[in-house]
Amino acid sequence: MRDVEVVVVGAGQAGLSAAHFLGARGFSPGDEFVLLDADDGPGGAWRHRWPTLTMRAVHGVHDLPGLPLGEVGDDEPASEVMADYFARYERTFDLPVHRPVAVRAVREVQAPDDGRLVVETDGGTWRTRALINATGTWTRPFWPGYPGRERFRGEQLHTADYAGPHAFAGRHVVVVGGGHSAVQHLAEISRVTTTTWVTRREPVWRDTPFDHDAGREAIAKVKRAVAEGRRPASVVRVTGLVATPPVEEARRRGALERSPMFDRITPDGVAWDDGRSVRAGVILWATGFRHALDHLAPLDLRDASGGIRMEGTHVADDPRLHLLGYGPSASTIGANRAARIAVRDLRSDLGRTAA
């Protein structure tokens, strides 16, 4: 059992930001705070992005605090650029990242009046006075249920499994989902084969730039939701679809003509109740992710609706627990600000002298 003041779970954008602010506010790296990361290398979710996703197509990357990303080429793979950047950040600030370490469960210390949490991992156990959870969503791909899915004879995969368009050549691909990943997939896949795009809602395209003001507006909307205990809405429902240059080019080609959601999956494709059907060899589910919070289940944080009521960055009923990447901090612009606020509040709650 190792004791620290703060455990940060996850070393993506939010976790690294939190570690930076902890160090800057007087917490000793390694002795008073640690980062536990399940991946075998730096980069967070970025290291798992498909190799054909270039920096030109990336939507809204913001610098980590204290170290700019710098100039990068538009055609460089985002997974490599961001993994290198995060590695450089960890080295520059000498951050105490332990990896690969998977957190299995977080529990209350059973000793009376202790007020600490036990963090159980596959690499040992930690005891901490506070926890910053920054596990994101990438490890929890969402697969919606549709009649007939188990009988489909073609290939089904999720955005989390997507490795690029070339494996689909010669097969018709149905892309399911109305978010940024779906339109990025379509922009690529439609160059090598035929596609059908289906969404539950009519896509809403953003006709103004997604700048800092727009980012703050989006964060405010999601913040209101989690303060009321509601599940956070998807990013695209708040921001609208942003037409990056590759996506805009695909729109001009007519590759982003949308159909309503099908009613069932057949062995050879998808079908609608009005009699329409499409034969397909691949169904690509770009249907988003859920928050990776299973390890917090022993703390019983969710209410009857399945949401977690938040006050700022911490759980409303437990100021020891800060959830970064949940709700308004589920973006690169939101993560930095939320990390700064979380560390400020933890400093006060732990009785550290204000800086």
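Can you find even one residue in segment 259-276 that is in contact with a helix residue (DSSP H, G or I) (Cβ under 6 Å, 6 or more places away or on another chain), surrounded by fewer than 18 Cβ atoms within 10 Å (Cβ to Cβ), closer than 22 Å to Gln156 by Cβ and not β-branched (Val, Ile, Thr)?
yes
Counting the residues of segment 1-50 that are of a type in the set (S, T, N, Q) and crowded, with 22+ Cβ neighbours inside 10 Å gives 2.
Residues being among the small types (Gly, Ala, Ser), surrounded by fewer than 19 Cβ atoms within 10 Å (Cβ to Cβ) and part of a loop (DSSP other than H, G, I, E, B) are entirely absent from segment 180-203.
Each residue in segment 277-292 was checked for being surrounded by 19 or more Cβ atoms within 10 Å (Cβ to Cβ) and either β-branched (Val, Ile, Thr) or not in a strand (DSSP E or B) (or both), and 8 of them qualify. With respect to the conditions (1) assigned to a helix (DSSP H, G or I); (2) free of Cβ contacts under 8 Å to residues at least 12 places away in the same chain, Val247 lacks only one, and its number is (2). Scanning segment 268-290 for residues that are in contact (Cβ under 8 Å) with a residue 60 or more places away in the chain and closer than 20 Å to Thr193 by Cα yields Asp268, Gly269, Val270, Val278, Arg279, Ala280, Gly281, Val282, Ile283, Leu284, Trp285, Ala286. Scanning segment 138-154 for residues that are within 25 Å of the chain's Cα centre (by Cα) and either in a helix (DSSP H, G or I) or over 22 Å from Gln13 (Cβ atoms) (or both) returns Trp143, Pro144, Gly145, Tyr146. Among the listed residues Ala130, Ala160, Ala134, identify the single one that is surrounded by fewer than 24 Cβ atoms within 10 Å (Cβ to Cβ), closer than 28 Å to Asn336 by Cβ, touching a residue at least 24 places away in the same chain (Cβ under 8 Å) and among the aliphatic types (A, V, I, L, M). Selected residue: Ala160, the only one of Ala130, Ala160, Ala134 that is surrounded by fewer than 24 Cβ atoms within 10 Å (Cβ to Cβ), closer than 28 Å to Asn336 by Cβ, touching a residue at least 24 places away in the same chain (Cβ under 8 Å) and among the aliphatic types (A, V, I, L, M). Report, by residue number, each residue of segment 73-115 that is free of Cβ contacts under 8 Å to residues at least 60 places away in the same chain and buried (at least 20 other Cβ atoms within 10 Å of the Cβ). Within segment 73-115, Ala78, Val81, Met82, Ala83, Tyr85 meet the criteria.
For segment 156-206, filtering for residues that are over 17 Å from the mean Cα position of the chain (by Cα), farther than 11 Å from Val282 by Cα and not β-branched (Val, Ile, Thr) leaves 17.
Since every read-out is calculated from the coordinates, none of them should be taken as a lab result. As the structure is a computational prediction, the values presented were derived from the model and not from experiment. In this analysis, Cβ positions are derived from the backbone assuming ideal geometry, glycine residues included, and neighbour counts consider all displayed protein chains.
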